[in-house]
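To keep things clear, I will list the structure first and then write my remarks on it.
Each value in this text was obtained by applying a stated rule to the coordinates, not by laboratory testing. Predicted model only: the values in this text are computed from it and were never measured. Cβ sites come from the backbone with ideal geometry, for glycine too, and all protein chains shown count toward neighbours.
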Amino acid sequence: MGNSEAFGDQKEFEVIQYFKFPGYYSSKGGVQKQELVRKQIMVQKTRQELLHNTRIAYFKIVWLEKKSKLLEARSQKSEKLVNIMESGFQSGEISKPVYDRARILNINLRNELEQILTNIEVQKDLLQQMNGDLQVGNISFTYPYHWDLLDLDSVLVMARNQNADLRMARAFVEENELNVKLEKMSSLPELQAGYTSQAFLNQKLKGIHAGVTIPLWQNKNQVKQAKLETEWSQVSAQQVESIVRSEIITLYNNLETTFKNYLELKEILGEEQVSENSLDLLQAGQISFPEYLMEIQFIFDSQNKYLEIEKRYFDLMSELILKTAV
């Protein structure tokens, strides 16, 4: 019992260290590790998206250059057509409107070619910026014809193991599962150890401090919340897997259809243009000028369609790589 008449200075000094059970620290380290794993996957996903966007920009240049060569060849034939029409007009065999139409056609083709050449330079500048401002002017732009379309089962296995969205969803599940363990460890008593010193009325007391802190009831609610978050992340991961699988199958079916059309047109057109003797037939008077225009427009449209399908095939292949790459 203390004496109320006694008074004086009192000094206290205490150093206390709190300790959790060893499993708490391993669980906390596991949660932090999974957070790092998710961030690394996000970085990889961003890198793959940048590569995909760069490939798309590169393929656009390939397509434009092929289209420019197609237009250049057609423009050369248009020059010959103008010369033929001019000779016919001067000899009175061709009317002025027909001659003017041939000239307008030639002018339009030249303008379209100039626009495409300008667009190529713009796209090269864009690609150079995407490439860290490294020069791309001397690159030979061609499609990666070595790309092979694997069977659907192999693609789905690759996506299941390597798709960034799926990997992040699984990592989030593991992180929440470890968080449940962490919350359980947090609900266990906390150990205390330390040194204490007291000085009062010329009396000094020194000793070792030891104790136990028992968490309150609200820690149980935190464990329940962690379990609910784990269940939610598991359901979310299943939804992500279902969405990714559906996207892969849809993309693969589009690729198969595009590839089939690509091969069919390639067999007819390919790198070698369809034989065009329409100009000779026109000059020989075997077909009319309107028939000639219809014929060359059909050929040109077919060749353009082939180039568009070819580009679409490689764009889709790049997207498939994006969804299945690490």
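Compute the FRET efficiency between Asn221 and Arg47 as 1/(1 + (r/R0)^6), taking r as their Cβ-Cβ distance and R0 = 45 Å, and round to the nearest 0.05.
Taking R0 as 45 Å, the efficiency between Asn221 and Arg47 is 0.65.
Given points 7 Å out from each Cα along the Cα-Cβ axis, report the Lys33 to Glu86 separation in nanometres with one decimal.
8.0
For the cross-link pairs Lys124/Lys311; Lys45/Lys181; Lys39/Lys224; Lys33/Lys227, which exceed 23 Å when the distance is taken from alpha carbon to alpha carbon?
Lys45/Lys181; Lys39/Lys224
Can you tell me how much longer the chain between Trp232 and Leu263 gets when fully stretched, taken as 0.36 nm per residue apart minus their C-alpha distance, in nm with one decimal?
6.5 nm
Can you list residues whose amide H is under 5 Å from Ala325's amide H, if they're 5+ apart or on another chain and H is modeled 1.01 Å from N?
none
Quick check on the exposure proxy: order Glu310, Glu241 from fewest to most C-beta atoms within 10 angstrom.
Glu241, Glu310
So what's the gap between the Cα centers of the stretch 66-93 and the stretch 236-256, to the nearest angstrom?
50
I need the phi-derived Karplus couplings for the stretch 235-244: 6.51 cos²θ - 1.76 cosθ + 1.60, θ = phi - 60°, integer Hz, Gly and Pro marked x.
Each residue of the stretch 235-244 in turn: 5, 4, 5, 5, 5, 4, 5, 5, 5, 4 Hz.
Taking θ as phi - 60°, what are the ³J(HN,Hα) couplings along the stretch 108-122 by the Karplus curve (6.51, -1.76, 1.60), each to the nearest whole Hz, with x for Gly and Pro?
Once θ is set to phi - 60°, the couplings for the stretch 108-122 become 4, 5, 5, 5, 5, 5, 5, 5, 5, 4, 5, 4, 4, 5, 5 Hz.
Run the simple label-point estimate for Arg101 and Asn161 please: 7 Å along Cα→C-beta, distance reported in nm.
6.2
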